[in-house]
Amino acid sequence: MRSLSDIAEEYDFLEGDERYRLLIELGRELEPMPDALKTDATLVRGCSAAVWVYPTGEADRLHFLADSNAAITKGIVALVIAAVQDKPAAEVAGMDVTGALSPFDLKNQLSSNRTQGVPNMIALVKEHAARIAAA
């Protein structure tokens, strides 16, 4: 998976539809999530499309599998995951993920129904990290 800073650098050079294409490409690059993990328990609430996030890994290196049934939403999920992937749980729990995603200006680049679930994705990731860090 590309780093969030590398993605931001590429995103900054693009405009309009090219940004959508990059998000779709990022979604395609996500590590495959087995269908067996796409359950009600891994479903992110509040998203306009179906989004699943499954945490794996240990406290020193969190890892997430994620998927969506919509291409652009899957790219947004990939951005959220890129911000936290393979970082220590304590770091993710205290991280400003919303701030890390600010260079992408998603609220102004995408329709509100495409971004409405982003806070829920971030909350789910941070809650898992906090649980693991405290264990």
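Using the Cβ-Cβ distance between Ser111 and Arg131 with R0 set to 35 Å, the FRET efficiency from 1/(1 + (r/R0)^6) comes to roughly 0.60. Rounded to 0.05, the FRET efficiency of the Thr39 and Asp86 pair, given R0 = 22 Å and the Cβ-Cβ distance, is 0.40.
Element breakdown for the chain at a 1.4 angstrom probe: carbon and sulfur atoms account for 50% of the accessible area.
For the stretch 37-135, averaging the sequence separation of C-alpha pairs within contact (under 8 Å, six or more residues apart) and dividing by the residue count gives a relative contact order of 32 percent.
Remark: the chain carries 52 Å² of accessible area per residue (probe radius 1.4 Å; ligands, DNA and RNA excluded).
Overall, the anisotropy analysis places the stretch 3-103 in the oblate class: the square-rooted eigenvalues a ≥ b ≥ c of its C-alpha gyration tensor yield a/c not less than 1.5, with a/b not exceeding b/c.
Calculate how steeply helix 16-29 sits against the longest principal axis of the alpha-carbon atoms of the chain, using the helix alpha-carbon long axis, and give the answer as 0 to 90 degrees to the nearest 10. Helix 16-29 sits at roughly 30 degrees to that axis. Distance between the modelled labels on Ser3 and Asp17, one decimal in nanometres: 3.3 nm (7 Å Cα→Cβ projection). Relative contact order of the stretch 1-73, taken over Cα pairs closer than 8 Å and 6 or more residues apart, is 28 percent.
Rounded to the nearest 500, the 222 nm mean residue ellipticity of the chain from helices alone is -15500 deg cm²/dmol, with -39,500 (n - 2.57) taken per DSSP H run of at least 4 residues.
For Leu62, the residues 5 or more places off, or on other chains, whose built amide H falls under 5 Å of its own are Asp86, Lys87, Ala89. In this simple spin-label model, placing a label point 7 Å from the Cα along the Cα-to-Cβ direction at both Ala59 and Ala123 gives a separation of 2.6 nm.
The values are calculated or read from the model by the stated rules, or taken from the named source; none is laboratory data. Since this is a predicted model, take the numbers as computed values, not measurements. Please note: Cβ atoms are built from the backbone with ideal geometry, for glycine as well, and neighbour counts cover all protein chains shown. Heavy atoms of the whole protein, side chains included, go into the accessibility calculation; ligands, DNA and RNA do not. Shrake-Rupley method; radii C 1.70, N 1.55, O 1.52, S 1.80 Å.
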